[in-house]
Structures are given as C-alpha cells and as structure tokens.
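> Please see the structure below; I have some questions.
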Amino acid sequence: MIGEIVDWFTSSANWQGADGVPTRVLQHLGYVLLALVLASVIAVPIGLYVGHTGRGGVLLVGSGNVIRALPTLGLVTFLFLLFTDSDVAAIIGLVVLAIPPILAGTYAGLQAVDRAVVDAAEGMGMRGGQRLWQIEVPIALPLVLGGVRNAVLQLVATAAVAAYVGLGGLGRYLLDGLAILDYGEVAAGAILTALLAIVLDIVLATIQRALVPRGVRLAEAGTKKEVEA
Amino acid sequence: MGIEFRGVTKKYPDGTVAVDDLNLTIEDGTITVFVGPSGCGKTTSLRMINRMVEPTSGTILLDGADVRDSDAALLRRGIGYVIQHAGLFPHRTVLSNVATVPLLSGWDKRKARERAAELLETVGLPAELGKRYPAQLSGGQQQRVGVARALAADSPVLLMDEPFSAVDPVVREGLQDELLRLQSQLGKTIVFVTHDIDEAVRLGDKVAVLRVGGRLAQYGTPADVLRHPVDDFVAGFVGKDRGYRGLSFLSAGDVLVEDVPTVRVGGAPGESADWRLAVNDEGEPRGWLPPSSTVDGELSESDLVAGGSLYQQGTPIRGALDAALSSPASLGVVVDADGKAIGVVTARQVLDVIENHPQGVTR
Ligand SMILES: Nc1ncnc2c1ncn2[C@@H]1O[C@H](COP(=O)(O)OP(=O)(O)OP(=O)(O)O)[C@@H](O)[C@H]1O
Ligand SMILES: [Mg+2]
C-alpha cells in the first residue's frame, strides 16, 4: 500500500498535464476560494446587520441550523439535475455549505462584544456605522475569522466529494482511482486533500494573528488567565 | 450649564417604572449626586440627560434647551460620560481611547493625541501608560482612563455612573480626592451616580436621594440630608452613624489649639515626664516621644511612636475629633495648610465645641 502511494507520488506523469497534481490542486483551491468569497459576500453583511442591530437573531440561528441539516451531497445532486452543469451545481452547493459557519461566527462575534463597550461607544457620540466599523468589527474579528476557518475546512473536504457530479479538483483522484481500483491514487487524493486543508488553515491562522488587534489578543489572554486561576 | 428635569417619567416596555415624575434642577458648576438603593432609577435618570434613554414623558432641559431638539450623537459628543466599569475599547491604546471624542469631532490626529496626553496627566497617570492597552491596566487605572476619556469632550457637563465602584476603598478615596481637586479647577456641572451614601456626602454639593420606583425622596445639601432626613426611608438609607458623619459639615472654628512641647528629630531631646511631639526641620510632625523616654545622643525617627491622623486647621471638626482619638498621646495634632504643626487639641475640647453647636455650622 505504502509502496503504491510512493510510486504514485514519484511518477512524473502524475505531476503534469490536465490531470497532474498542480492543476488539480489549483482547481480545488479555485472552487474553495470562489465558494468562500461568494459565501462571505452573502453571510458577512447579514451577520453584521443582525449582530449590530440585534434584530432577527432567532431567525438567523434557526435558518443556520436548517442549512446545516441539509445533506450537502443530496443538495449538489439536486442542483446538478436542476442546472445540468456540474460546476454551477457544485459551487452553489459549496456556497450554501459555507454560509452557516461564517454567519454564525460573524453574529457570535458581534454578540460577544462587551455591553459596556458598545454602550461607551454610543455614549461617546458614535453613530451606528462608526460604532460598527471602529468598535464592534475589530473586537469581533477573532470569532469572525474563526467562522471563516471552519468554512474553509468544510469546503476543502466537500469539494473533493463533489467530484462525483463531474467536478474537477482533488476529488477526481478519489473517484477515478476507485473506478479502476488504483488504491495508490485514491490514497494520494485523500492525502493531498488533507494537506491542502492543513496548509490553508495554517495560512488563515497566520492572517488571523496579523489582523486581530493586539489589544483584543491581550484582553483574551487576560480572561483566559482569570478563568484558569 | 444647568440641567433641569421637568416631570420626567420613564416606563420601560416591560412595564417597569424606572423614574416617576422627577422634578429637579441641577445648578451650573456643581456636583449633584444621585444616590439610592439598587434599581431606584439612578442610571436611567442619568442616561436620559444624554439621550441614551428617552423619557416616556416630561422634558429635560440642558442650558434651557430641550435635549430632544439636538441630534443625539452630537449632543453626546458634547457631554462627558463615564460609564460604570469604565467600558474602555479593548482594541485601542489608552491614548486613542482618550482621544475618541476629539477624533469623532474631527480634530486632526496630532492635536487629538496631544490633548489625550495632557488629560492622562490631568487624571494623574504617567505618560508611558498611553501606549498600553486597557487589558494591561489595573482597575483603578482603567477608571482614571475612563474619566480622562470623558474629560476629552471638554464639555461643561460630565455624567458619571458609579465611576469608582470597581476599585478598593483606598484607591476609591484617592480618586474621589482627585475628582474634587479637578472640579475645583474645572468647575463643571457634574452629575454623579452612586449607591454609597458616604461617597455621595463626600462629593456632592447637592444630593438627590431616590427610592425604588424612581421617586425623588429628598434633594438638598449633604448636611441637610444627614441632619434632617425627611422620612424613615431617607433616615434609614443615610445610616446609623449619620450623627458622626454630620460632623463633616461642622466647622471647628472655635476649638482652642493648645501649645505642646516639641522635640526636633536630629536634636538632643533631654528628659521629660510628658508626651512630646517630634517635628522635623520644616516643623512637620513626625511622631510622638513617650514620657520619660531616654534617648542616647540624637533623636532619630526609630525612637518615636507613630502619630495619629493630622487635623488641618480650618477643615471640618470631624477631622479634629479623629486626630484626638487616634493619637497615642490623646492629643490631636493640628497643622496649618503647609503641614507645619501648630498645636494640639483634646477630644474633650472638640466635644465641647460640638455640644455648643447642636445645629452645627454648615459649610
Ligand atoms: N432596558 C431596560 N428594560 C427594562 N427595565 C429596565 C431597563 N433598564 C433598567 N430597567 C429597570 O428599571 C429600574 C431602574 O434601573 P436603573 O438601572 O436606572 O437603576 P439604578 O438605580 O441605576 O440601579 P443600580 O444601582 O443597580 O445600578 C430597575 O428596576 C431596572 O430593572
Ligand atoms: Mg445603575
């Protein structure tokens, strides 16, 4: 088994052309990023609006749970039958999948901002938009980005499975390998998918560290210490 | 800028009447304290001034103008507001926290930061603290930053909601002193909320005692409220030792200051059968030398018994009584404004003065 995997990875044919690793990785990455951007464009504004105004919180949590309960593969299949285009179906399915974690992270992030801080912002004479962008968003950032990371992990995994409606990307190795019983290829697909997920998560963690304001990190460290003590 | 409540009532949507027909005039340049038990509507009353809460009925006038006639955000930028637990912005440095209102009002960055640095000094914080984040400050320091941030509005009105409640009594007393010192320089109209009657009496030119249900129980000077509570509720609220606390408002003008034998630290004391007050070269009291103590050569501070509290001449008589009661020699040390010892008083003399002024002399 290990030998087959090593053979697969060392065979130069697997690194070239339309079915080569670089192409497949880029494809996979493309689906994930496209779905992530589309989902963020939809989920972040809604999360910000609900979190900032406090209006519609119950509805938001409820619909998030409904979406989460949808079987993604079933959804993608249904969309495929609807649109008869694997790319469109898969991307829509992935977007739907990525919305709940981003929505939840954004909403929870704003909800978690200390009442006294929001109150002070208002009492100092900030208008709604100033309070949102200058105070609430920077403080909510760790949880918002946490939601994005969750979404990315799910996207990487699901984009692989969506290969069965004809999508490209790393999922192809899994399906094509299974079809010809080439277990080296199947394992390689799984390994590459996992690696991509790990690398993306590390990249996002780095971005998160760079974006979250120092004061917020210090405050978080402080509360953690208090909890431990 | 005076503030006037005219028939102000606040009923929250759930039916709670937080403030009930409040009529009150807050005079320009004074500290007015709202005091009362938890839930009596102090915060609600305060927040109606800057429109953080809108009254159900009635009017609030700020310098004669209905607050509802101004844009809420602009109104708030013109009113300093210190909220309970400071509410500092965790992601901003101390300096930018303090600069919040100037920046909102469109000052340029440099000017706003200079102003903020000045204010840190005003509230007694070292300039280096400006670079820190709120999470790196002690509770007392955070409260000071909260006060500095409110002062940055440079407004004639300052609203303070239990600004010192989260710190220990010693720090709190320091912050209170500082507020009084600041007020003597700034002369703002300050509305201060607390549930601590001692703090109310200490800080207020006027005290408004509220009872649960949001009704004004009594409004007057602290001396008035302590000495003539209008009913059992106020009497109960101001507490058992209000007689002693009332001494805070009695002048000690007639107390006879007696001479006391002194010895100089660093000098040769010789022998005596009496308590002797040790002073330094500036004439400031350092402690007491007990009767018939023997000192070889020069008198040093380690030969002394620590003194009691000091009574500064011209301040209320409560301090004189305390000085006498806390002194190891039973003699309260009286100092002048520069801290030089000028003599002593006994508790008996102080009590004589109190007994001759049953109504007291209010400040
Ligand atoms: N947003 C709100 N909705 C409903 N009821 C409220 C609201 N805010 C305050 N109340 C109620 O109004 C009453 C007065 O509240 P307020 O906060 O003014 O009291 P307080 O005197 O400041 O009390 P404390 O000393 O505990 O701060 C209380 O019974 C409180 O429960
Ligand atoms: Mg309150």
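The values are calculated or read from the model by the stated rules, or taken from the named source; none is laboratory data. Computed from a prediction, not measured in an experiment: that's the story for all the values here. Neighbour counts run over all protein chains shown; Cβ positions are idealised from the backbone, glycine included. These area figures cover heavy atoms from the full protein model, side chains too; ligands, DNA and RNA do not enter into them. Shrake-Rupley method; radii C 1.70, N 1.55, O 1.52, S 1.80 Å.
> Is the range B:35-45 home to any residue that is open to solvent by less than 10 Å² (accessible area, probe 1.4 Å) and away from ligand 2 (no atom under 12 Å from the Cβ)?
no
> Tell me yes or no: at least one residue of the range B:132-155 is more than 30 Å from A:R217 (Cβ to Cβ) and within 16 Å of ligand 2 (Cβ to nearest atom).
Looking for residues that are more than 30 Å from A:R217 (Cβ to Cβ) and within 16 Å of ligand 2 (Cβ to nearest atom), one finds none in the range B:132-155, hence no.
> Considering the range B:123-134 alone, what residues qualify as being touching a residue at least 24 places away in the same chain (Cβ under 8 Å) and surrounded by fewer than 19 Cβ atoms within 10 Å (Cβ to Cβ)?
B:G124, B:L129, B:K131, B:R132
> Need at least 3 residues that are among the aliphatic types (A, V, I, L, M) and within 30 Å of A:D119 (Cα to Cα) per element, so show me which helices (runs of 4 or more DSSP H) inside the range A:1-109 make the cut, counting only ones lying wholly within it.
Answer list for the range A:1-109: A:21-53, A:57-69.
> Determine which member of the set B:G58, B:G29 is in a loop (DSSP other than H, G, I, E, B), more than 16 Å from ligand 2 (Cβ to nearest atom) and farther than 20 Å from B:D161 by Cβ.
B:G29
> Okay, next question. What pairs come up if the first residue lies in the range B:32-44 and is within 14 Å of chain A (Cβ to nearest Cβ) and in contact (Cβ under 8 Å) with a residue 60 or more places away in the chain, the second is part of a loop (DSSP other than H, G, I, E, B) and more than 9 Å from ligand 2 (Cβ to nearest atom), and their beta carbons are under 8 Å apart, counting only those six or more places apart or on different chains?
Between residues of the range B:32-44 that are within 14 Å of chain A (Cβ to nearest Cβ) and in contact (Cβ under 8 Å) with a residue 60 or more places away in the chain and residues that are part of a loop (DSSP other than H, G, I, E, B) and more than 9 Å from ligand 2 (Cβ to nearest atom), the close pairs are B:T44/B:V53; B:T44/B:G214.
> Are there any strands (runs of 3 or more DSSP E) wholly within the range B:251-348 with 2 or more residues that are of a type outside the set (A, V, I, L, M, F, W, C), and if so which?
The qualifying strands (runs of 3 or more DSSP E) are B:262-264, B:285-289, B:310-312.
> Let me ask something additional. Filter the range A:70-125 down to residues that are surrounded by fewer than 17 Cβ atoms within 10 Å (Cβ to Cβ) and of a type in the set (A, V, I, L, M) and give me whichever is nearest to the other protein chains (Cβ to nearest Cβ).
Only one residue tops the list, namely A:A116.
> Find the residue count for the range B:77-102, including only residues that are assigned to a helix (DSSP H, G or I) and touching a Lys or Arg at 6+ places or on another chain (Cβ under 7 Å).
Going through the range B:77-102 one residue at a time, the tally reaches 7.
> Return the total of residues in the range B:135-158 being assigned to a loop (DSSP other than H, G, I, E, B) and buried (at least 18 other Cβ atoms within 10 Å of the Cβ).
Total satisfying the criteria: 5.
> Do you know which residues across the range A:129-157 are open to solvent by less than 10 Å² (accessible area, probe 1.4 Å), over 17 Å from the mean Cα position of the chain (by Cα) and touching a residue at least 24 places away in the same chain (Cβ under 8 Å)?
The answer is A:E136, A:A140.
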